1. Condition test on residue 164, is it closer than 20 Å to residue 109 by Cβ and not hydrophobic (A, V, I, L, M, F, W, C)?
2. Out of all the residues in the range 114-150, which are surrounded by 14 or more Cβ atoms within 10 Å (Cβ to Cβ) and among the polar types (S, T, N, Q)?
3. Within the range 55-69, identify whether any single residue is away from the ligand (no atom under 12 Å from the Cβ), more than 21 Å from residue 202 (Cα to Cα) and modelled with pLDDT of 95 or more, and answer yes or no.
4. Return the pair list, or none, for Cβ contacts closer than 9 Å from residues in the range 224-235 that are on the phi > 0 side of the Ramachandran plot to residues that are in a helix (DSSP H, G or I), at least 6 apart or on different chains.
5. Scan the range 139-159 for residues that are assigned to a loop (DSSP other than H, G, I, E, B) and either within 15 Å of the ligand (Cβ to nearest atom) or among the acidic types (Asp, Glu) (or both) and jot them down.
6. Under 6 Å by Cβ, and 6 or more places apart or on different chains, what pairs join a residue from the range 171-190 that is touching a residue at least 40 places away in the same chain (Cβ under 8 Å) with one that is surrounded by fewer than 20 Cβ atoms within 10 Å (Cβ to Cβ) and part of a helix (DSSP H, G or I)?
7. If you take just the helices (runs of 4 or more DSSP H) that sit entirely in the range 160-257, which of them hold at least 3 residues that are closer than 25 Å to residue 127 by Cβ and within 16 Å of the ligand (Cβ to nearest atom)?
Amino acid sequence: MKLDSTKRSREAMRADFAEKMQGFYEGEPEMSPFEGGFTAAEKQLAKFDARRYGSRNHVTRGHVSRLSPYIRHGVLTLREARDAIFQKFGRVGESVYKFVFELAWHQFWQEVYRVEGDRIYEDLEEYKFEAGTWSFELPEGVETAATGLVCMDEPLRELYETGYMHNHARMWFAAWLIHHQKVHWSVGERLFFKHLLDGNPPPNALSWQWVASTFGAKPYYFNKQNVEKYTDGEWCRRCTADCPFNSSYEDLSKILF
Ligand SMILES: Cc1cc2nc3c(=O)[nH]c(=O)nc-3n(C[C@H](O)[C@H](O)[C@H](O)COP(=O)(O)OP(=O)(O)OC[C@H]3O[C@@H](n4cnc5c(N)ncnc54)[C@H](O)[C@@H]3O)c2cc1C
């Protein structure tokens, strides 16, 4: 029997979904700009210029590969990504090195999972500060990207609309949720796993634990200057909230820990 491949096209699936969701959902469902499949992964890889990867921490204009959904779903292996980058850009240069280093982080998280198994979902170590009582609820506004803080809402909106969030914004959101909102890291871990196209148990749970300090030497936190630097001040200029990050690291540390 010959299958009708047009029924499996992205547009056909979107239309089918729209029909099934009638009555449950207002408006037309939007598709993520990430396309599945090997050809799409190859295109994404071809677009990536590893020599510009030094800008990776910049949230609004940093050059990152956006390969994670393909890596997550096995369309592209870490080794294939590394070899393709070496072949195209050579084995020299800080940016190329940094990219391969990040691929190695991914591998490292996988190795930890191999050893620890489902323990990655429990606090792996003691907190490196005096932890109080944790909440296990998401704060209001998180699920609608309406917390009132532009540096939280912009990345959350991108997450819900596309299934992707920039690494630095993931760190900011995790730090805000855990250290300012006193929500246990596992709640954020579940939220990310539900929405990220690259949602992957080891890098997800262990990165959350790294921010929390249960898999790292100290808690990760940030201040307003850091947000300004890595968004060219644009998000802070638009933000009308009473900024909880507007302090020195020393003062924030006293407030939070
Ligand atoms: C709280 C939090 C949760 C995260 N959850 C996930 C997750 O579920 N799945 C996931 O793949 N990554 C996760 N990461 C790591 C990182 O944010 C993503 O791998 C990266 O943003 C993916 O985008 P990219 O492909 O454009 O990355 P690039 O910067 O272009 O990196 C290329 C590849 O290197 C690997 N990589 C890059 N940064 C990291 C990192 N910090 N840790 C581990 N591997 C890295 C990934 O495989 C990535 O695809 C998380 C980070 C944080 C702080």
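The values are calculated or read from the model by the stated rules, or taken from the named source; none is laboratory data. Here the structure is a predicted model, which is why all the values come from computation and not from measurement. All Cβ positions, glycine included, derive from the backbone under ideal geometry; neighbour counts span all protein chains shown.
1. yes
2. Result: 147, single match.
3. Yes, some residue in the range 55-69 is away from the ligand (no atom under 12 Å from the Cβ), more than 21 Å from residue 202 (Cα to Cα) and modelled with pLDDT of 95 or more.
4. 233/227
5. Result: 140, 142, 143.
6. 179/256
7. In the range 160-257, 167-175, 185-195, 201-212 are the helices (runs of 4 or more DSSP H) which contain 3 or more residues that are closer than 25 Å to residue 127 by Cβ and within 16 Å of the ligand (Cβ to nearest atom).
Residue by residue, here is whether (1) touching a residue at least 24 places away in the same chain (Cβ under 8 Å); (2) closer than 26 Å to residue 160 by Cα; (3) in contact with a helix residue (DSSP H, G or I) (Cβ under 9 Å, 6 or more places away or on another chain) holds:
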| site | (1), (2), (3) |
| --- | --- |
| 20 | no, yes, no |
| 25 | no, yes, yes |
| 28 | no, yes, yes |
| 32 | yes, yes, yes |
| 40 | yes, yes, yes |
| 87 | no, no, no |
| 92 | no, no, no |
| 95 | yes, no, yes |
| 100 | no, no, yes |
